[in-house]
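Since every read-out is calculated from the coordinates, none of them should be taken as a lab result. What you see is a predicted model; the values in this text were computed from it and never measured. Cβ: placed from backbone, ideal geometry, glycine included. Neighbour counts: every protein chain shown.
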Amino acid sequence: DAGVTQSPTHLIKTRGQQVTLRCSPKSGHDTVSWYQQALGQGPQFIFQYYEEEERQRGNFPDRFSGHQFPNYSSELNVNALLLGDSALYLCASSLPPDTQYFGPGTRLTVL
Amino acid sequence: EDQVTQSPEALRLQEGESSSLNCSYTVSGLRGLFWYRQDPGKGPEFLFTLYSAGEEKEKERLKATLTKKESFLHITAPKPEDSATYLCAVQAGGDDKIIFGKGTRLHILP
């Protein structure tokens, strides 16, 4: 049983560019949440998708947007990248109200 | 405001030296408290979910307990491979997001 997968593993972008990160949930899970983890900090909630709709959003600007596909996979898009967007981006999947399981993350570096 | 505070920030133990990590929380109606283990540069690995005060769960050398204000992760006779950052998180009733603490960096010396 494959767990949560994310791609790419690492990504380097320059300020002002746009980036798309991808996530495939654990088999049987229909809900995907995205988190941003800065170095030395705990993960911060960005948003959650269920039935292809954004169900809840954290305190992140509109530059952060997402999408969920009919097969439950998801994308996170970040526009107009800033240096402060450099972080580990984590995807978690769940079958609510059960526990969220995390993927390996995508390390984004903005130069 | 929902909040999670973990202590200590970092802990160094000798192999076999038991200890406890603390997680204090403030949340409007606890739906679940979670413990995750995270190795450097990797995603958090699920350890335990606790739902109500008095609940306890065990896995190998780890035991998690929960009161109305805090949770403890007890580690018994740790080994070097237990070295990692341990994250505590809470989910409020009616909420989808998980709120994390900053974690405790645990280093077990051989």
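Structure values in brief
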| read-out | value |
| --- | --- |
| Under the Karplus curve 6.51 cos²θ - 1.76 cosθ + 1.60, θ = phi - 60°, whole-Hz ³J(HN,Hα) for the stretch A:65-80, x wherever Gly or Pro sits | 9, x, 7, 10, 9, x, 8, 6, 5, 9, 10, 10, 10, 10, 9, 6 |
| Surrounding net charge for residue A:98, when Lys and Arg each add one and Asp and Glu each subtract one, Cβ distance under 14 Å | 0 |
| Relative exposure of B:27, B:4, judged by other C-beta atoms within 10 Å (fewest first) | B:27, B:4 |
| Dipole of chain A, positive end: most advanced residue of A:48, A:58, A:29 [Cβ charges, Cα centre] | A:58 |
| Whole-Å distance, taken between Cα centres, linking the stretch A:55-111 and the stretch B:1-44 | 22 |
| Reference-scaled alpha-carbon Rg (2.2 N^0.38 Å with N residues) for the protein assembly as shown | 1.02 |
| Proximal lysines to residue B:79, defined as alpha-carbon separation beneath 18 angstrom and excluding residues fewer than eight positions away on the same chain | B:59, B:63 |
| Normalised per residue, the volume of the convex hull around the Cα set of the stretch A:5-104 (Å³) | 96 |
| Dipole magnitude (debye, nearest 20) for chain B, charges at Cβ of Lys, Arg, Asp, Glu | 40 |
| Order of B:28, A:86, A:24 - criterion: other Cβ atoms within 10 Å of each residue's Cβ, fewest first | B:28, A:86, A:24 |
| Inter-chain shielding of A:94-101 (mean C-beta neighbours from other protein chains, 10 Å cut-off) | 5 |
| Chain B: projected area of the alpha-carbon convex hull, averaged over directions, in nm² | 6.4 |
| Assigned charges on the beta-carbon of Lys, Arg, Asp, Glu; the stretch A:43-111 dipole about Cα centre (debye) | 280 |
| Order of A:76, B:50, A:11 under a 10 Å beta carbon neighbour criterion, fewest first | A:11, B:50, A:76 |
| In Hz, Karplus ³J(HN,Hα) per residue of the stretch A:25-37 (6.51, -1.76, 1.60; θ = phi - 60°; x = Gly, Pro) | x, 4, 3, x, 8, 10, 10, 10, 10, 10, 10, 10, 10 |
